[in-house]
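The values are calculated or read from the model by the stated rules, or taken from the named source; none is laboratory data. Just so it is clear, the structure is predicted and the values come from calculations on it, not from any experiment. Because the Cβ atoms are built from the backbone with ideal geometry, glycine has one as well, and the counts that use them run over all protein chains shown. These area figures cover heavy atoms from the full protein model, side chains too; ligands, DNA and RNA do not enter into them. Shrake-Rupley method; radii C 1.70, N 1.55, O 1.52, S 1.80 Å.
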Amino acid sequence: CFSWVSPDSNVFTVMYLATSGTTDLPEYVGVGMINGVPVAYYDSGTHQIVSRQQWMTDSFDAEYWEYLTNRGNKHCAIAKENLKVIMKNTNQTSGIHIFQWIRTVEVTENGSIKRSM
């Protein structure tokens, strides 16, 4: 899925997106992916993390999904505040604005770990 990812590795990616000035998108979206395949989704409209893969649903209990939802709520508040601060500090308080943050962890076949933000 990503040109820089070897087939001998596994990559966990989390993408956060905060928006302002548009009603076409939620104010916040978070997506967790493994090797480019979405496995979990959160948005500010539902305030709930939901599984995007049946094996994820089967692998974790309700307590874990509640834990992830709480993390999603926290990340939502932080991302929305970060976007407001950026807009204010750059004197860009009107119009459409998007703040996107992508974090990855790659585990290679030999067990080494690479992180990026």
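In whole percents, the pair-distance distribution calculated for region 26-85 from its alpha-carbon pairs, binned every 10 Å from zero, is 23, 51, 23, 4. Within the same chain, lysines fewer than 8 places from Lys74 are excluded, and of the rest, those with a Cα less than 19 Å from its Cα are Lys84. Please list, by residue number, everything in region 64-99 whose backbone N is under 17 Å from a paramagnetic label point 7 Å out along Cα→Cβ of Thr23. Residues passing the 17 Å test: 95-97. The length gained on full extension between Arg115 and Val37, counted as 0.36 nm times the residue separation minus their Cα-Cα distance, comes to 26.3 nm. Heavy-atom accessible area, probed at 1.4 angstrom with all protein chains present, ranks Ser94, Ser9 as Ser94, Ser9, highest first.
Please compute the per residue accessible area over the chain with all protein chains in place, 1.4 Å probe, rounded to a whole number of Å².
Values: 7880 Å² over 117 residues.
That works out to 67 Å² for each residue.
For the Cα trace of region 59-117, dividing Rg by the Kirkwood Rh returns an Rg/Rh value of 1.15. Projecting the alpha carbon convex hull of the chain along each direction and taking the average yields 8.7 nm². Counting only protein heavy atoms and using a 1.4 Å probe, the accessible area of Met87 comes to about 20 Å².
Computing the accessible area with a 1.4 Å probe over protein heavy atoms, can you report the carbon and sulfur percentage for region 18-117?
Working: 3560 of 6750 Å².
Here carbon and sulfur together make up 53 percent of the probe-accessible area.
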